[in-house]
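Q: I have a structure I would like to understand better, so I am pasting it below and will then ask my questions one at a time.
The values are calculated or read from the model by the stated rules, or taken from the named source; none is laboratory data. Small disclaimer: the values here were computed from a predicted structure and weren't measured. Heads up, the Cβs are rebuilt from the backbone with ideal geometry, glycines too, and the neighbour counts pull from every protein chain shown.
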Amino acid sequence: MEACALLAADAPSAPDGLPAYRDSAGEFARLYAARQPTAFVIRPDGQLGARLFPPTPQALRAHLAATFSAPEQG
């Protein structure tokens, strides 16, 4: 799993060590209805896995736990 920051044109820099890209034209924010702060989980196939608004460690943990949990036997 990899993480990066996608920053608005006027946002401060990302934390050191975190790869960052700047949405200088605001296209990503417009297409994905991103508001500050928002976190997205992008699946390996490029599909949107989750939109976390506001992003919290608990919400990310819950999403990842549900994604990677074993299917119920029934």
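Q: Please go through segment 31-49 and give me each residue that is charged (D, E, K, R) and either touching a His at 6+ places or on another chain (Cβ under 9 Å) or modelled with pLDDT under 90 (or both), ordered by number. Quick ask: steps written out before the conclusion?
A: Taking segment 31-49 as the starting set, the residues that turn out to be charged (D, E, K, R) are 35, 43, 45.
Once the filter is applied, which keeps residues that are charged (D, E, K, R) and either touching a His at 6+ places or on another chain (Cβ under 9 Å) or modelled with pLDDT under 90 (or both), segment 31-49 yields R35, R43.
Q: Additional query: So, restricting to strands (runs of 3 or more DSSP E) that lie completely within the chain, which ones have at least 1 residues that are of a type in the set (S, T, Y) and surrounded by fewer than 14 Cβ atoms within 10 Å (Cβ to Cβ)? Outline the logic, then answer.
A: Details: elements: 5-8, 20-23, 39-42, 48-52.
Where strands (runs of 3 or more DSSP E) fall fully within the chain and carry at least 1 residues being of a type in the set (S, T, Y) and surrounded by fewer than 14 Cβ atoms within 10 Å (Cβ to Cβ), they are 20-23.
Q: Find all pairs meeting these conditions: Cβ atoms under 7 angstrom apart; at least six residues apart or on different chains; first residue within segment 14-27 and without any contact (Cβ under 8 Å) to a residue 12 or more places away in the chain; second residue in a strand (DSSP E or B) and not polar (S, T, N, Q).
A: Note: pairs meeting the criteria are A14/A5; A14/L7; A14/A20.
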